[in-house]
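Peer 1: This is the structure, below, for whatever I ask next.
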Amino acid sequence: MHKLLKVFYYVFFSMSLLAIATTYVIYQGYQKLNQSIIIENTSLVVPQGQSYSALVEQLATQQLIENNIVLKILPKVDPWFAKMQAGQYLFDGEYSTFEVLQKIRQGEVQLFRITFPEGSDFKQWQQWIAAHPHLLQTDYQDWLDSLISPYTHPEGLFFPSTYLFKSGTEDKVILKQAYDKMQALKEELADNSLLSDWYQTLILASIVEKETSVTAEMPKVASVFYNRLDKNMRLQTDPTVIYGLGNRYKGDITRAHLNEKTQYNTYKIKGLPPTPIAMPGLDAINAVLYPSNTDYLYFVATGEGGHTFSRTLKEHNKAVKEYLAKMSQQKMTTEKATNE
């Protein structure tokens, strides 16, 4: 009996020590899970269907966490930890192991961006979309035709902006967001159109967008085109000619280009071209909806970013002469500096 008692005490003492040691190890493990480390711009890809144990190994390999015994038993204590979401994640800053796991558990995936500037055209959009490494490329032509119907030309129907998305997003998802954003503007602003319909507003806004990058003078540029339309004058705007030339445009508009009668050559046709020539931004659209009240009929670049506006052809010719003289002087100064 005495020997059995001693064995009992020995076993009890050993188990107590083991329990204390285990508790200590787990406690220390939990403490480490709460300790933060600095992680610098590290990307992590969690594949679909990856197991929790494989994820922990991957995190440890990339030094995002320190693997310890507590991590292995966490899913048994709380199944929450095993439910990680696939995707690409970016870690840049101070994180504890718990915070790393929480980010993956909540699906806070890394967001990428694509920017379509005001005045860009749909062909450029397609090139930028195709070149983006994190967009999933699809054959979207039939889908696009259906989306923009009854129009057959995508120009001007998509809002230029910056769009965020997660890796693997289909290209047409971005296009749909841009289309919906322009449609929302239509719902909000179309009743203010001064032209026959919203589409014509987009056509004129696209021309204003291409004529000037100075937001403050966009309403004045719009007023010139309205005044010319009212007087049944041709718009005579170079950006429409350039758009009509397509790949034939090599940087200069020739006399032959101006004499070529195309549906976009506003030196030959009256009124607006048949479609927008670019994606107009909100400033250009507002300029067409709310143009300045002027009697200007002409404008020409100043050579300093803005434009000189004129009421008569005589004033305009003088402004053109001054512009050409300034360009000539700048060219001579540049050539002189190059040769010295």
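Peer 1: Going by what's in this entry, would residue 271 be described as within 36 Å of the chain's Cα centre (by Cα), part of a loop (DSSP other than H, G, I, E, B) and surrounded by 15 or more Cβ atoms within 10 Å (Cβ to Cβ)?
Peer 2: No: the conditions fail for residue 271.
For every residue, the table says whether it meets (1) of a type in the set (Lys, Arg); (2) at pLDDT below 95; (3) under 13 Å from residue 170 (Cα atoms).
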residue: 98; (1), (2), (3): no, yes, no
residue: 108; (1), (2), (3): no, yes, no
residue: 117; (1), (2), (3): no, no, no
residue: 122; (1), (2), (3): no, no, no
residue: 125; (1), (2), (3): no, no, no
residue: 130; (1), (2), (3): no, no, yes
residue: 135; (1), (2), (3): no, no, yes
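Peer 1: Considering every residue within the stretch 258-267, establish whether at least one is in a helix (DSSP H, G or I) and on the phi < 0 side of the Ramachandran plot.
Peer 2: So far as the stretch 258-267 goes, yes, one or more of its residues are in a helix (DSSP H, G or I) and on the phi < 0 side of the Ramachandran plot.
Peer 1: Can you tell me how many residues in the stretch 145-185 are surrounded by fewer than 19 Cβ atoms within 10 Å (Cβ to Cβ) and charged (D, E, K, R)?
Peer 2: The total comes to 6.
Peer 1: Let me ask another. Just to check your reading of the model, which residue among 34, 41 is loosely packed, with under 12 Cβ neighbours inside 10 Å, within 14 Å of residue 102 (Cβ to Cβ) and at pLDDT 55 or above? Let's see the steps before the verdict.
Peer 2: On the way: 41 fails: within 14 Å of residue 102 (Cβ to Cβ).
Only one candidate qualifies: 34.
Peer 1: May I ask you to verify whether residue 327 is over 39 Å from the mean Cα position of the chain (by Cα), at pLDDT below 80 and part of a helix (DSSP H, G or I)?
Peer 2: For residue 327, the condition - over 39 Å from the mean Cα position of the chain (by Cα), at pLDDT below 80 and part of a helix (DSSP H, G or I) - is not met.
Peer 1: Restricting the search to the stretch 212-239, which residues are touching a Lys or Arg at 6+ places or on another chain (Cβ under 8 Å) and in a helix (DSSP H, G or I)?
Peer 2: 228, 239
Peer 1: If you don't mind, there's one more thing I want to ask. Within the group 293, 286, which residue is over 29 Å from residue 326 (Cα atoms), crowded, with 16+ Cβ neighbours inside 10 Å and at pLDDT 95 or above?
Peer 2: 286
Peer 1: Here is a follow-up. Just give me the residues in the stretch 255-266 being at pLDDT below 95 and either within 16 Å of residue 225 (Cβ to Cβ) or among the β-branched types (Val, Ile, Thr) (or both), in sequence order.
Peer 2: 262
Peer 1: Can you go through 198, 128 and tell me which one is without any contact (Cβ under 8 Å) to a residue 24 or more places away in the chain and more than 30 Å from residue 229 (Cβ to Cβ)?
Peer 2: Answer to the check: 128.
Peer 1: Output the number of residues of the stretch 97-117 satisfying the condition of being over 20 Å from the mean Cα position of the chain (by Cα) and aromatic (Phe, Trp, Tyr).
Peer 2: So the count comes out to 1.
Peer 1: Look through 111, 64 and report the one residue that is in contact (Cβ under 8 Å) with a residue 12 or more places away in the chain, out of contact with any Pro (no Cβ under 8 Å at 6 or more places or on another chain) and within 27 Å of residue 159 (Cβ to Cβ).
Peer 2: 111
Peer 1: Here is a follow-up. More than 20 Å from residue 267 (Cβ to Cβ), in contact with a Gly (Cβ under 9 Å, 6 or more places away or on another chain) and surrounded by fewer than 17 Cβ atoms within 10 Å (Cβ to Cβ): which single residue out of 318, 326 fits that description?
Peer 2: None of the others qualify; the one that does is 326.
Peer 1: Continuing with this model, one more query. Can you spot a residue in the stretch 220-235 that is closer than 30 Å to residue 114 by Cα and free of Cβ contacts under 8 Å to residues at least 60 places away in the same chain?
Peer 2: No, the conditions are met nowhere in the stretch 220-235.
Peer 1: Specify which of the listed residues (250, 261, 210) is of a type in the set (Lys, Arg) and under 23 Å from residue 286 (Cα atoms).
Peer 2: So the residue among 250, 261, 210 that is of a type in the set (Lys, Arg) and under 23 Å from residue 286 (Cα atoms) is 210.
Peer 1: Collect the residues in the stretch 150-192 that are among the hydroxyl-bearing types (Ser, Thr, Tyr), in contact (Cβ under 8 Å) with a residue 40 or more places away in the chain, more than 15 Å from residue 282 (Cβ to Cβ) and part of a loop (DSSP other than H, G, I, E, B), keeping them in residue-number order.
Peer 2: Residues satisfying the conditions are 151, 167.
Peer 1: I've got another one for you. Assigned by TED's automatic domain parsing to the domain that holds residue 300, in a loop (DSSP other than H, G, I, E, B) and more than 16 Å from residue 209 (Cβ to Cβ), is that true of residue 247? If you could, list the steps in order and put the result at the bottom.
Peer 2: Details: assigned by TED's automatic domain parsing to the domain that holds residue 300: yes; in a loop (DSSP other than H, G, I, E, B): no; more than 16 Å from residue 209 (Cβ to Cβ): yes.
No.
Peer 1: Right, next: Could you tell me whether residue 205 is surrounded by fewer than 17 Cβ atoms within 10 Å (Cβ to Cβ), at negative phi and part of a helix (DSSP H, G or I)?
Peer 2: Numbers: surrounded by fewer than 17 Cβ atoms within 10 Å (Cβ to Cβ): no; at negative phi: yes; part of a helix (DSSP H, G or I): yes.
Criteria not met by residue 205.
Peer 1: Somewhere in the stretch 287-304, is a residue within 22 Å of residue 203 (Cβ to Cβ), of a type outside the set (Gly, Ala, Ser) and assigned to a helix (DSSP H, G or I)?
Peer 2: yes
The values are calculated or read from the model by the stated rules, or taken from the named source; none is laboratory data. The structure displayed is predicted, hence computed values, not measured ones. Reconstructed Cβ throughout: ideal geometry from the backbone, glycine too, with neighbour counts over all protein chains shown.
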